[in-house]
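Structure first, then comments.
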Amino acid sequence: VNGEDLGNYTHVERVKKPMIARYFEDNDGNLYEGQATDFVPEHRALMELKTNEEENDRRDFDELSEALTVPDDELLDALGRSIDLEAFLTFWAMEVLTGHWDSYSGGRNNYLAYHDPTSDLFYFIPWGTDGAFSMQRPFTPGNDSASLLAQGLIANRLYNHPEGRVMYRDRLRTLFERVWDEAALLAEVDRIQQLTDASEAAIAAQKRFIVSHGQAIQAELEMPP
């Protein structure tokens, strides 16, 4: 600034109407923030509404909550009327690929969900990714699978649905093959070390995760569903 080096800073845009307007035709829908909450009746009042607070019309929440109660033979159709299922599969698979355990799929935490008035569907937005790129499992300590986080009820219902599980694994495989470039990820860790002067121990831990996580996901995808 004015010729003076003030160091490195990060700037994260808040998820507000200007951001929503860049991705959706209509930014007047309900935006919810989930912190240890899910689309279940007992969390209806706990889920924070970030837009349209005065109206507090949560019928979209109720419809998705109801969709999650149907039997398996109705689940995909019911969810498809409340969420963009293709977008959710990508959102879910990317949380797993990036080791984002403190998340919707990992712990029903740190996520936003926007109900788009144009499509009348929910879209999920990741948030609070500071714990990503690690294999921590504080919400599900018994889960040692690299390729699965399914604490969030939508992810859980889909994974326990025969067709839903296949859809999820197919999406995870597609994204893994497309975006998991180990050499590029390791190079990015080196670049970050130069920018931040991170400790050798932290850098080594991050590199170990990248190598081991990629190998584990590849191995698990080769196993039968």
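The values are calculated or read from the model by the stated rules, or taken from the named source; none is laboratory data. Model, not experiment: these values are computed from the prediction. Neighbour counts run over all protein chains shown; Cβ positions are idealised from the backbone, glycine included. To get the accessible areas, we keep the full protein, side chains included, count just its heavy atoms, and leave off ligands, DNA and RNA. Shrake-Rupley method; radii C 1.70, N 1.55, O 1.52, S 1.80 Å.
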Do we have any residue at all in region 123-134 that's in contact (Cβ under 8 Å) with a residue 40 or more places away in the chain and of a type in the set (S, T, N, Q)? yes
Suppose we keep only residues that are over 22 Å from Leu79 (Cβ atoms) and in contact with a strand residue (DSSP E or B) (Cβ under 7 Å, 6 or more places away or on another chain) within region 51-63. Which one would you say is least open to solvent (accessible area, probe 1.4 Å)? Thr51
Mind listing whichever residues of region 3-15 are free of Cβ contacts under 8 Å to residues at least 24 places away in the same chain and of a type outside the set (Asp, Glu)? Gly3, Leu6, Gly7, Tyr9, Thr10, His11, Val12, Arg14
Inside region 33-50, the number of residues satisfying the requirement of being of a type in the set (D, E, K, R), open to solvent by 60 Å² or more (accessible area, probe 1.4 Å) and either part of a loop (DSSP other than H, G, I, E, B) or touching an Asp or Glu at 6+ places or on another chain (Cβ under 6 Å) (or both) is 2
Note on Arg169: of the conditions (1) touching a Pro at 6+ places or on another chain (Cβ under 7 Å); (2) surrounded by fewer than 16 Cβ atoms within 10 Å (Cβ to Cβ), unmet is (2)
Those residues of region 137-172 which are small (Gly, Ala, Ser), farther than 17 Å from Tyr111 by Cβ and within 16 Å of the chain's Cα centre (by Cα), in sequence order: Ala146, Ser147
Scanning region 1-26 residue by residue, the ones that are assigned to a loop (DSSP other than H, G, I, E, B) and out of contact with any strand residue (DSSP E or B) (no Cβ under 9 Å at 6 or more places or on another chain) total 14
Please enumerate the residues belonging to region 206-225 that are surrounded by 14 or more Cβ atoms within 10 Å (Cβ to Cβ), closer than 18 Å to Ala93 by Cα and free of Cβ contacts under 8 Å to residues at least 40 places away in the same chain. Gly214
Would you be able to say whether some residue in region 109-116 is outside any loop (DSSP other than H, G, I, E, B), of a type in the set (S, T, N, Q) and more than 21 Å from Arg171 (Cα to Cα)? yes
Name the residue that is nearest to Arg208 (Cα to Cα), counting only residues in region 133-157 that are assigned to a helix (DSSP H, G or I) and open to solvent by less than 20 Å² (accessible area, probe 1.4 Å). Ala155
Might you let me know whether region 51-67 holds any residue that is under 20 Å from the mean Cα position of the chain (by Cα) and outside any helix (DSSP H, G or I)? no
Residues of region 206-225 satisfying the condition of being modelled with pLDDT under 95 and either part of a helix (DSSP H, G or I) or of a type in the set (A, V, I, L, M) (or both): Met223
Within region 185-205, restricting attention to residues that are in a loop (DSSP other than H, G, I, E, B) and open to solvent by 60 Å² or more (accessible area, probe 1.4 Å), which residue is nearest to Ser145 (Cα to Cα)? Ser199
From the list Phe61, Phe91, pick out the single residue that is of a type in the set (A, V, I, L, M, F, W, C), closer than 30 Å to Gln193 by Cβ and at pLDDT 95 or above. Phe91
Restricting region 76-110 to residues that are in contact with an Asp or Glu (Cβ under 9 Å, 6 or more places away or on another chain) and touching a residue at least 60 places away in the same chain (Cβ under 8 Å), which is most open to solvent (accessible area, probe 1.4 Å)? Arg108
Test of understanding: among Asp120, Asp130, which residue is open to solvent by 30 Å² or more (accessible area, probe 1.4 Å) and farther than 25 Å from Trp180 by Cβ? Asp120
